[in-house]
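The values are calculated or read from the model by the stated rules, or taken from the named source; none is laboratory data. Nothing here was measured: the structure is a model prediction, and the numbers come from that model. Here Cβ is always computed from backbone atoms with ideal geometry, including for glycine, and neighbour counts include all displayed protein chains.
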Amino acid sequence: MPKKRKSRGRHKGGKGKEDIVQCDECGALLPRSKAVKITKPVTPVDPQLAKELRDKGAILPQYTVTKYLCLRCAIHRGIIKIRPEEERKKVKMRFEFF
C-alpha cells in the first residue's frame, strides 16, 4: 500500500519508538512527534484586576502551560489551518536560474 507522506506525518526520523501523549481536548492517545504542542503563559489573576495591580507596580506571577493536541482538535480550534492544494504541492527550489 502506498504511503501518503514520506514522514508518515511524524517528526521522529529514525529514532525508534517514542512516548505517547494524550490530547488535552479529546483524550486521544498519539505519539509525541505527531501531536501539536502549544506553550502559553497564563496568569492566575483576572485580567481587569491584573491591569490595576500592574498600574500600582505589582509584579504578577506567570505560569507556562504546555498542551498537546491531536491534529483533529488543532484544526477544529483554528491552531492549524488547512492549506489549499496548490500551496501543499509547492516545492521550494534551492537555486533559481534566470
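Can we say residue 51 is without any contact (Cβ under 8 Å) to a residue 24 or more places away in the chain and assigned to a loop (DSSP other than H, G, I, E, B)?
Working: without any contact (Cβ under 8 Å) to a residue 24 or more places away in the chain: yes; assigned to a loop (DSSP other than H, G, I, E, B): no.
So residue 51 does not fit the description; no.
Considering segment 19-35 alone, what residues qualify as being over 16 Å from residue 75 (Cα atoms) and small (Gly, Ala, Ser)? Before you say what the answer is, go through the steps one by one.
Applying the first criterion (over 16 Å from residue 75 (Cα atoms)) to segment 19-35 yields 19-22, 29, 31-33.
The answer is 33, and nothing else.
I need a count of the residues in segment 12-32 that are surrounded by 14 or more Cβ atoms within 10 Å (Cβ to Cβ), modelled with pLDDT of 90 or more and either in contact with an Asp or Glu (Cβ under 8 Å, 6 or more places away or on another chain) or among the aliphatic types (A, V, I, L, M) (or both). Lay out the reasoning, then the answer.
Of segment 12-32, the ones surrounded by 14 or more Cβ atoms within 10 Å (Cβ to Cβ) are 12, 21, 23-25, 28, 30-32.
Next cut, modelled with pLDDT of 90 or more only: 21, 23-25, 28, 30-32.
If we keep only those that are either in contact with an Asp or Glu (Cβ under 8 Å, 6 or more places away or on another chain) or among the aliphatic types (A, V, I, L, M) (or both) as well, we get 21, 28, 30-32.
Going through segment 12-32 one residue at a time, the tally reaches 5.
The residues of segment 18-48 that are over 13 Å from the mean Cα position of the chain (by Cα), outside any strand (DSSP E or B) and within 19 Å of residue 8 (Cα to Cα), listed by number, are 18, 19, 28.
I'm trying to understand the selection: among the residues of segment 58-74, which are under 15 Å from residue 24 (Cβ atoms) and of a type in the set (Val, Ile, Thr)? Reasoning before the result, please.
Within segment 58-74, the first condition is being under 15 Å from residue 24 (Cβ atoms), and the residues that meet it are 64-74.
Matches in segment 58-74: 64, 65, 66.
Can you tell me which residue is surrounded by the fewest Cβ atoms within 10 Å (Cβ to Cβ) among those in segment 49-80 that are within 17 Å of residue 10 (Cα to Cα) and of a type outside the set (A, V, I, L, M, F, W, C)? This residue is 72.
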